[in-house]
Amino acid sequence: MLRFLARRLAWTVLTLFLLVTITFFMIRLAPGDPFSGEKDLDPEVRLQLNKKYGLDGPLHSQYLRYLGGLLQGDLGPSSKQKDFTVNEILRSRFPVSLRLGFCAMVLALLLGLTAGIVAALRHNSPFDYASMAGATVGLAVPTFVVGPILVLVFALKLGWFNTVGFDVFPRDYILPSLTLALPFAARIARLARAGMLEVIHQDYVRTARAKGLLERVVVLRHAVRGGLLPVVSYIGPAMADILAGSLVVETIFRVPGLGWEFVTSAGNRDYMLVMGTVIVYGSMLVLFNLLVDLAYHLIDPRVRVA
Amino acid sequence: MSRRSRSLFGCLAAGALAALLIASCGQKAGPVSGPGATGPAGAVGLPDGAATPAAPQATWPPQWGPQPAPTGWDKQFEPTSQEWRKHAQVLRFNNGTEIETLDPARMTGVPEHRIIMAVCEGLTMYHPVSSEPMPGAAESWVISDGGRTYTFRIRADARWSNGDTVTAADYRYSWWRVLAPQPPSQYSYMLFDIENAKAFAEGRIAETPLALHRDAERTQPNGQSLAVGEIVEVVKTWPDPLPENPSDEEAKKFSVEVKCGEKSGWVGKSLLRGAWQLDGPGFAKVGIEAPGVRTLVVRLSEPKPFFLEVLSHETSMPVHPPTVEKHGNQAFRAGVFVGNGPYVLKSWEPRVRMVFEKNPAYWGRDRVELDRIVAHPVENMEPAYAMYKADEVDWLMDVPLAKIDEVKLHPDYYVAPLMGTYFYRVNCTARPHPDDPSRPHPLTDRRVRQALNMAMDKKTICEKVTKAGQIPASGYVPPGTAPWYEPLQGLPHDRERARALLAEAGYPGGKGMPKIEILYNTLESHKTVAEAIADMWQQNLGITVGLHNAEWKVYLDQVDRIDYHIARAGWIGDYLDPNTFLDMWVTKGGNNNTGWSHPEYDRLIERVKEVGEPTKRRETFRTAERILCVDELPILPIYYYVNKGLKKPKVRGVHMNIKDMHPWQYIWIEPEE
Amino acid sequence: MSTPAAPGPTAPPAAATLSPPVEGVSLWADARRRLLRNRMAMAGLVVIAVVGASALLAPWLSPSDPEMHRFFVLSTPPGSSHPDVRDVALFSTDAPLNAREVPDHLVGLRGPHEVRLELRRLKEEEYRAVITRSGRVKQLSLSEGAVGTARVAVAGPDEFFLQIGPDGHPVASPSAGGGPLEVHDVTLAVEEDLPPGFLRPGEGEGRWVLLVRRARARVETAQLRLEGDRVSSITVESPGERARDVAVLEVRGGDVRGLYLDGRPILARHLFGTDRQGRDLLSRILYGGRISLLIALLATLVSLVIGVCYGAVSGYVGGLTDLLMMRVVDILYGLPYIFLVIILMVAFGKDIVVLFIALGAVQWLTMARIVRGQILSLREREFIEAARTAGAPGYAIVFRHLVPNVLGVVAVYTTLTIPAIVLQESFLAFIGLGVQWEGRNLASWGALVKEGMDSLGHGGSHSWLLLFPATVMSVSLFAFNFVGDGLRDALDPQQKGRT
């Protein structure tokens, strides 16, 4: 187990290194520069700006300089939010996104697993159809429709919540988390149902039943274990998608998070901030995948993790 | 000033609207609206071309020679009763975006300007109605030397928020900061009217110690980087001696061995410039002097009618020298920031809100009514509109275009002229026809450009597409830019003439015209306008029109490289003079970006600088604009911008003006009736 | 759709010999039988067929050009109609009419005919006044963007007359002096039937907004004589003026109240209403379906092929290969795909092909992971052991034994992928990266839903702009999901022989 972890960690570092490299050169390939605007910029001033924000010199030396800074934990200055460094920006935005993502994930799992497992156990029942129909709706309606409609109904018409903002727990968290969670809950419900249906007829479950175990035990200890493998393997990418998908939600509800920062910085060609968000985002991703593999290990002992 | 505007507002009624605005709003129209009325007392007028009766006598140039400054605070804009004291003086508004910085030297945008107006005060400030300059931190000034020298007297009671006295030296320091290369200032050119300022900024003032100008990377001797601005000593040159008067190109090839403390290395000659220290001989030559604690003398290289306005600009705002020296980059944060404006920065949560509270040290504190200002940075108009509806903000400075029909029915909706023009650039660079290399590209033919212009139904665009009250533009300088300059009546919408011109150019019915693409940056409003215009051109001229939607930075890049056929553009004037619109179209002008070049036009714009006589000046501008918008059309004007938004009636003291600048000192909260 | 339905090879002999003997029903025939029995799935298939066919036949089915702006119509609710005049915008006596310029009703007409046009020349201006509870005019703004406090007199047609008196209160009688305005038509911007002179309560407390549209109208009649495919004469008649022959007649949509051909009005009907630019919504939805489905199908295909192969190989081979392959997936996954798309779109334009490659290239990652996950747990199963013992080569084990066994999950995931891609695309439209093709903005369903969402007023106005595209999109996605479910049930090899 320890060796496994050590090896995975080594891979993680390599992954992140590649990620940094690819992103660094990809964002630099895109046309446009951080300081261009509708008004013309004096070339001399542009040079000074480039110098100030570490964008001068040949690209490879910038790259090396960036890596050097990265090793010391310095992510550089932001060329758009000029009074702050990337470290400061990330330090304040990341926890917000994480909180939002976590709330959404918990909501999604809660809703999705319940619906999916019950639907599978009552295959072809009205509940099955209803929950799957609900899941389809959750999948079929874009977040940017769900969000504003929730705002319209619950904030503007009923006045239960603020329209935007992310200050007070749990009041300000409910609408954004729910908006973000719905499509994921739907996916989880579908995957859980499909997975459960798959295993529910398998030999070991039948054996368990034949042993005369309580249905509850059969379901919770045997069926769920195998049936939820697809869900488990989905959690990693889902968590990533939630972090990314929070972009729309963060826009609608004005949540000061990473996703929003990421897209604006990409649009503004705030290279350092783009790199910073990608690094945080990438690290989270690798971390979640690591956890998923561990979970696989624990749930299904037959899986040999290389 | 306000009286003039009011009468102009009356004039506006001439033409189609005359009948509607019954005489009561005409010339006499006194200040109906004391503070009791939400309706702005008098919008800056819209002179309506020919209909303008007796345009006010041109006020340019101002009478040179010693003259006292206007008195400053205008009683007219204060609350008349004490009624307002009963209400919480809190204003929440949406600033539209997260500001880039709180450092005046580095800021560039309008949202930044709104914020800095709260925490800092320039020597002059915008008049709440006319947006013309009026006394700010300077209580008076004297203009002498034929408009070249300005002597400002700073208020005796002007204080920084930490209690320090605001001195002339503080302004000198702040402007030095703008001109010196660190921190790099994108708008340093705003101060280039000052004598030797440009030369100093570029390091071209001779007889000062040499410093490393840029790209210190290449010098790296022994791996030690020399920093920009470090003063160096020349040790040896190559070739030795350097030839006299080499060209710039040649000079780049010469190198110089320099020494800077322990570090040394070779640099290109072009990298060496005069040094930029505050107390060095270089800056001493710049026309900014502080002979007394309260006296600041500014010398300009030539008379500039709009220099006082420049002093209200964000770039000219002062910073508190000790704080900046001590904290550097960290000086522009809540808790550290020291300003001399009516408000102090209480807290700043990026992407959430900025909170300002009344500055007890401000000289005019007794006249500041709002206790607290909250600025929200919501970029997307949909949630911003929802916030307004839910009473979470009091003032929205823009509205969602897609909901404009609904928004217009809201009683709080307002719309007023803005000094800006929405137009299309046409790529005029000489190049061959894509299908037939023997012919020139159709867009290089001015008849084609005229045809494109006349085939656009701008009135329909304003009334049916943008719908917020924009004004169809056939000229380029927006109405209200200067009282003595009425908007040009350019080419009308005339489909038949457009077709005839196109045929004359050799493309009858659009035959032989290559496909033309409209480049615009990703935004719903640009998209709908482009789609409508494409449809009009296709229907009216029979040509094929494509759309090219590019992300903002990509769009800028393409415009900068003139890599487009037709490109959407917008221009907001910097100061109240047609020059801010017209001087950008000179050959190879930094903001020209169309490849258009017209020697006569260049000559006219050059001549304006020398022409002082008002009618002549006006005529020169007029001729130039006629070349631009009637004969040549490197740009196709579409509409004049308006500022539009939603504002609660309880927000008093906001006067719509053409620069959309509203000094916070004049605003208070008092519910209606 | 065609992949699972096609009768493929049955379970390979190596495995078959080890399976319990069954009747000679092939896996696929069995699946088809099950699928046909599943009512929801069949309904879904029908919906997909209908949607697919209508998308395919959009150019023939849609009532008008989806990009045609009608500024005189702007947004109108479903079922509205107006004279279809855009295409007769210009008649010229010396040029033959071509089919493009003539409405369908006129095409093919031979011999002398007369077309009668009744024109209304309108000059519209809009005023906006905010009126307080006490009736005082607070603010008057003009369409030109000026704002000021002023007293306003607005005179309506005979039955409606409103004037704001000197005290700022509306006066309901014609003024003696000052002269009423030459206003022939005043439209109150209200939905309800308010008596003339009354104003719609605005949203602020006790204040009203009066939107007055003033229109001067002059009725003219134009008579067109068609001979063969040419217009032989145009006569315009205005009241109080003599009829005159003109060479060119421009009929702008907004000016036309009636267009008559042999006494029958020619109308354009908008079953689903029009959008804010007056474009026919039904046509836009039909064309939008083409775009959305094309993107979704192609992108899904890309993701399916790459994802299944990649995941299967990775999961089966395992070990270092698996690790390496999954690392590649992780790295690609970590790349912010919005960049990928932006950079691709910048390099190659915002082209539709670029978009589906970009979307497909992102989607296969998840597919690969899911397939790998399944294969990991399947490869330890007895039947694989058996195949291996029987000496089946690796590729055969992967593609003939393992892959068919994960088809259930793959089918389910594919049905998730199609809606996911439609949604991804709408997400891109949301941040402004709508698809373009040859210089046209392609309005996919996602883009239409986004437009509808933006247009939806807080009071529920313009709801049809959201309702129709959203319904069509959701129903189609529903259908895909039910078909996917049906497929899953039908294809699940584990259930074979157990029913």
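The values are calculated or read from the model by the stated rules, or taken from the named source; none is laboratory data. All values derive from a computational prediction rather than experimental measurement. Note that we place each Cβ from the backbone using ideal geometry, even for glycine, and neighbour counts take in every protein chain shown. Each accessible area value is taken on the protein alone, full model and side chains, heavy atoms only, with ligands, DNA and RNA left out. Shrake-Rupley method; radii C 1.70, N 1.55, O 1.52, S 1.80 Å.
Is it true that some residue in the stretch B:140-153 is in contact (Cβ under 8 Å) with a residue 40 or more places away in the chain, out of contact with any strand residue (DSSP E or B) (no Cβ under 7 Å at 6 or more places or on another chain) and under 24 Å from B:Asp366 (Cα atoms)? Scanning the stretch B:140-153 turns up no residue that is in contact (Cβ under 8 Å) with a residue 40 or more places away in the chain, out of contact with any strand residue (DSSP E or B) (no Cβ under 7 Å at 6 or more places or on another chain) and under 24 Å from B:Asp366 (Cα atoms). Residues that are hydrophobic (A, V, I, L, M, F, W, C), open to solvent by less than 30 Å² (accessible area, probe 1.4 Å) and within 15 Å of A:Leu273 (Cα to Cα) within the stretch A:20-34 comprise A:Val20, A:Phe24, A:Ile27, listed in sequence order.
Report, by residue number, each residue of the stretch B:405-421 that is open to solvent by less than 10 Å² (accessible area, probe 1.4 Å) and either among the charged types (D, E, K, R) or assigned to a helix (DSSP H, G or I) (or both). Answer for the stretch B:405-421, where residues must be open to solvent by less than 10 Å² (accessible area, probe 1.4 Å) and either among the charged types (D, E, K, R) or assigned to a helix (DSSP H, G or I) (or both): just B:Val407. Looking at (1) at pLDDT below 80; (2) buried (at least 18 other Cβ atoms within 10 Å of the Cβ); (3) part of a helix (DSSP H, G or I), which is the one condition that is false for A:Glu44? Status for A:Glu44: all satisfied but (2). Scanning the stretch B:508-523 for residues that are within 10 Å of chain C (Cβ to nearest Cβ) and either in a loop (DSSP other than H, G, I, E, B) or open to solvent by less than 50 Å² (accessible area, probe 1.4 Å) (or both) yields a total of 6. Within the stretch B:362-391, restricting attention to residues that are away from chain A (no Cβ under 14 Å) and open to solvent by 20 Å² or more (accessible area, probe 1.4 Å), which residue is nearest to B:Glu524 (Cα to Cα)? Checked the stretch B:362-391; the qualifying residue nearest to B:Glu524 (Cα to Cα) is B:Arg372.
Rundown of residues vs (1) out of contact with any Asp or Glu (no Cβ under 9 Å at 6 or more places or on another chain); (2) more than 30 Å from C:Ala447 (Cβ to Cβ); (3) surrounded by fewer than 24 Cβ atoms within 10 Å (Cβ to Cβ); (4) polar (S, T, N, Q), yes/no style:
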position: C:Ile370; (1), (2), (3), (4): yes, no, no, no
position: C:Ile375; (1), (2), (3), (4): yes, yes, no, no
position: C:Ala387; (1), (2), (3), (4): yes, yes, yes, no
position: C:Gly394; (1), (2), (3), (4): yes, yes, yes, no
position: C:Val398; (1), (2), (3), (4): yes, yes, yes, no
position: C:Val410; (1), (2), (3), (4): yes, no, no, no
position: C:Ile421; (1), (2), (3), (4): yes, no, no, no
position: C:Gln424; (1), (2), (3), (4): yes, no, yes, yes
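Filter the stretch C:471-484 for residues that are open to solvent by less than 30 Å² (accessible area, probe 1.4 Å) and within 7 Å of chain A (Cβ to nearest Cβ); which is modelled with the highest pLDDT? By that ranking, first place goes to C:Met473. When each of B:Val324, B:Val355, B:Val336 is tested for being part of a helix (DSSP H, G or I), more than 25 Å from the chain's Cα centre (by Cα) and aliphatic (A, V, I, L, M), the lone residue that passes is B:Val324. Inside the stretch B:161-203, residues that are in a loop (DSSP other than H, G, I, E, B) and within 11 Å of another protein chain (Cβ to nearest Cβ) make up a count of 11.
When the stretch A:168-201 is filtered for residues that are more than 14 Å from chain B (Cβ to nearest Cβ), β-branched (Val, Ile, Thr) and open to solvent by less than 60 Å² (accessible area, probe 1.4 Å), the ones remaining, listed by number, are A:Ile188, A:Val199, A:Ile200. Here A:Val153, A:Val137 are screened, and the one residue that is open to solvent by 40 Å² or more (accessible area, probe 1.4 Å), in contact (Cβ under 8 Å) with a residue 24 or more places away in the chain, at negative phi and in a helix (DSSP H, G or I) is A:Val137. Counting just the residues of the stretch A:50-72 that are touching an Asp or Glu at 6+ places or on another chain (Cβ under 9 Å) and assigned to a helix (DSSP H, G or I), which one comes out most open to solvent (accessible area, probe 1.4 Å)? Filtering the stretch A:50-72 for residues that are touching an Asp or Glu at 6+ places or on another chain (Cβ under 9 Å) and assigned to a helix (DSSP H, G or I), the one most open to solvent (accessible area, probe 1.4 Å) comes out as A:Lys51.
Of the listed requirements (1) over 13 Å from A:Ser79 (Cβ atoms); (2) at pLDDT 80 or above; (3) loosely packed, with under 15 Cβ neighbours inside 10 Å, A:Gly37 misses just one: (1).
Against the list (1) touching a helix residue (DSSP H, G or I) at 6+ places or on another chain (Cβ under 7 Å); (2) farther than 26 Å from A:Val263 by Cα, the condition B:Asn549 fails is (2). Counting only helices (runs of 4 or more DSSP H) that fall entirely inside the stretch C:262-377 and contain at least 1 residues that are within 18 Å of the chain's Cα centre (by Cα) and modelled with pLDDT of 85 or more, the qualifying elements are C:281-317. Is one or more of the residues making up the stretch A:80-87 open to solvent by 20 Å² or more (accessible area, probe 1.4 Å), assigned to a helix (DSSP H, G or I) and not assigned by TED's automatic domain parsing to the domain that holds A:Leu228? Checked the stretch A:80-87: at least one residue is open to solvent by 20 Å² or more (accessible area, probe 1.4 Å), assigned to a helix (DSSP H, G or I) and not assigned by TED's automatic domain parsing to the domain that holds A:Leu228. Is the stretch A:104-114 home to any residue that is within 10 Å of chain B (Cβ to nearest Cβ) and either under 30 Å from A:Gly236 (Cα atoms) or surrounded by fewer than 18 Cβ atoms within 10 Å (Cβ to Cβ) (or both)? No, there is no match, as no residue in the stretch A:104-114 is within 10 Å of chain B (Cβ to nearest Cβ) and either under 30 Å from A:Gly236 (Cα atoms) or surrounded by fewer than 18 Cβ atoms within 10 Å (Cβ to Cβ) (or both).
A residue that is farther than 30 Å from A:Pro148 by Cα, part of a loop (DSSP other than H, G, I, E, B), within 26 Å of the chain's Cα centre (by Cα) and within 14 Å of chain B (Cβ to nearest Cβ) can be found somewhere in the stretch C:432-440. Among the conditions (1) more than 9 Å from every other protein chain (Cβ to nearest Cβ); (2) touching a Ser or Thr at 6+ places or on another chain (Cβ under 8 Å), the only one that A:Val280 does not satisfy is (2). Selection of the stretch B:559-615 for residues being modelled with pLDDT under 90 and on the phi > 0 side of the Ramachandran plot yields only B:Lys588.
Within the set B:Pro478, B:Pro437, B:Pro432, the sole residue that is touching a strand residue (DSSP E or B) at 6+ places or on another chain (Cβ under 8 Å), under 29 Å from B:Arg561 (Cα atoms) and open to solvent by 20 Å² or more (accessible area, probe 1.4 Å) turns out to be B:Pro432.
If you go through the stretch C:456-470 and keep only what is under 11 Å from the mean Cα position of the chain (by Cα) and more than 10 Å from chain B (Cβ to nearest Cβ), you end up with C:Leu466, C:Leu467, C:Phe468, C:Pro469, C:Ala470. Which residue out of A:Gly165, A:Gly212 is part of a loop (DSSP other than H, G, I, E, B), within 12 Å of another protein chain (Cβ to nearest Cβ) and not polar (S, T, N, Q)? When all the criteria are applied, what remains is A:Gly165. A single entry from A:Ile235, A:Ile252, A:Ile200, A:Ile188 fulfils the requirement of being under 13 Å from the mean Cα position of the chain (by Cα) and of a type outside the set (Gly, Ala, Ser): A:Ile235. Counting just the residues of the stretch A:215-240 that are within 18 Å of A:Met105 (Cβ to Cβ) and more than 9 Å from every other protein chain (Cβ to nearest Cβ), which one comes out modelled with the highest pLDDT? Residue satisfying both the conditions and the ranking: A:Val231.
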